[in-house]
1. Are any residues in segment 1-36 outside any strand (DSSP E or B) and loosely packed, with under 14 Cβ neighbours inside 10 Å, and if so, which ones?
2. Residues in segment 138-148: is at least one assigned to a loop (DSSP other than H, G, I, E, B) and touching a residue at least 24 places away in the same chain (Cβ under 8 Å)?
3. Considering only segment 37-66, state which residues are open to solvent by 60 Å² or more (accessible area, probe 1.4 Å), closer than 20 Å to Leu117 by Cβ and in a helix (DSSP H, G or I).
4. Report yes if Ile120 is assigned to a loop (DSSP other than H, G, I, E, B) and either within 23 Å of Ser50 (Cβ to Cβ) or open to solvent by 30 Å² or more (accessible area, probe 1.4 Å) (or both), otherwise no.
5. Would you be able to tell me the number of residues in segment 93-107 that are in contact with a helix residue (DSSP H, G or I) (Cβ under 7 Å, 6 or more places away or on another chain) and either hydrophobic (A, V, I, L, M, F, W, C) or at positive phi (or both)?
6. What number goes with the only condition from (1) over 27 Å from Gly134 (Cβ atoms); (2) assigned to a loop (DSSP other than H, G, I, E, B); (3) open to solvent by less than 70 Å² (accessible area, probe 1.4 Å) that Ile76 does not pass?
7. Given the options Asp164, Asp84, name the one that is in a helix (DSSP H, G or I) and in contact with an Asp or Glu (Cβ under 8 Å, 6 or more places away or on another chain).
8. So, in segment 125-159, exactly how many residues are at pLDDT 95 or above, surrounded by fewer than 21 Cβ atoms within 10 Å (Cβ to Cβ) and touching a helix residue (DSSP H, G or I) at 6+ places or on another chain (Cβ under 6 Å)?
Amino acid sequence: MSVRLFSAALNGIEGKLIEVEVDSTSGLHAFTIVGLPDKAVEESKERIASAIRNNNLTPPSGKHKKILINLAPADIRKEGPAYDLPIAIGYLLETDQIKFDPQQKMFAGELSLDGSLKPIPGALSMAILAKELGFKEFILPVANSKETSAVEGIDIIPVQNIQDVVSHLNGMRPISPILPQVDLFKAQSTLESFSLIRGQEIAKRALAIAAAGGHNI
C-alpha cells in the first residue's frame, strides 16, 4: 500500500507544496525516484540507505522489493537534498518500520551518511507555506530552527538526526516545538538596520552611492 508525505520546493523565494509518494512491489530490489529529480535528488538514494542502515533500521537493499518514489507534481523540477528526509521517512512508513499519520506534517532536511541532518536553504519560505496550507507540524534540521521560529501558528520540530525523527513520530520521545520569536528579524534601530543585511554587497553598494550622491533608487 502506497503512502504519501509532504515536503516543499522553492519557486523563487516562495515555497511550493511537493507530495512524496512511496510504493513498493515484490521482486528484485530496485529503488527508483521519478518526478523530474535533479542529480542531488537522484543521489539521495545512497545517502538514505546509509543513514537508515547506520541507525539500526532496515535499508531498501534489505527488502526484496521494488521501491518507487514519486515527487509530485511531476512537471516541477526537484532540486537539492531537502527531499532526503521525507523520502527516508516515507520509505520507513511504507515498510512498517514506523507508524504515524502523515497528513498534517511537512518534512525537509538533508541526510548525512550517519543519519544526522544538515541545514537546507529556503526553510523560512517552506515554514510559511506549511502554515498557510494548515499543516500542524514542520519537521526540519535543528540548524534551521532559529529562522523558522519567526513563523507563528505551526509547530516547528527541530531534529538533529533521523533517530530523533523516528522517536518523535513513534511517540517514544516526542520533541517539543520551538517557541515563536516573532521579532527575530526586526532591526534594532534605524541606524543599525542596514548593517543587519547579510550578503547583497552589490545592492548595498548601489544604495550607498545613491545616498552619497542624492540619486534616485
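1. Correct list: Met1, Ser2, Gly12, Ile13, Gly27, Leu28, His29.
2. Going through segment 138-148, the residues assigned to a loop (DSSP other than H, G, I, E, B) turn out to be none.
Within segment 138-148 (the criterion being assigned to a loop (DSSP other than H, G, I, E, B) and touching a residue at least 24 places away in the same chain (Cβ under 8 Å)), the answer is no, since none of the residues qualifies.
3. Answer for segment 37-66, where residues must be open to solvent by 60 Å² or more (accessible area, probe 1.4 Å), closer than 20 Å to Leu117 by Cβ and in a helix (DSSP H, G or I): Glu42, Glu46, Arg53.
4. yes
5. 4
6. In the conditions (1) over 27 Å from Gly134 (Cβ atoms); (2) assigned to a loop (DSSP other than H, G, I, E, B); (3) open to solvent by less than 70 Å² (accessible area, probe 1.4 Å), Ile76 misses (1) alone.
7. Only one candidate passes the filter, namely Asp84.
8. 0
The values are calculated or read from the model by the stated rules, or taken from the named source; none is laboratory data. Only a predicted model underlies this, so the values are computations on that prediction, with no experimental measurement involved. Note: ideal-geometry Cβ built from the backbone for every residue, glycine included; neighbour counts use all protein chains shown. With ligands, DNA and RNA removed, areas are computed over all heavy atoms of the protein, side chains included. Shrake-Rupley method; radii C 1.70, N 1.55, O 1.52, S 1.80 Å.
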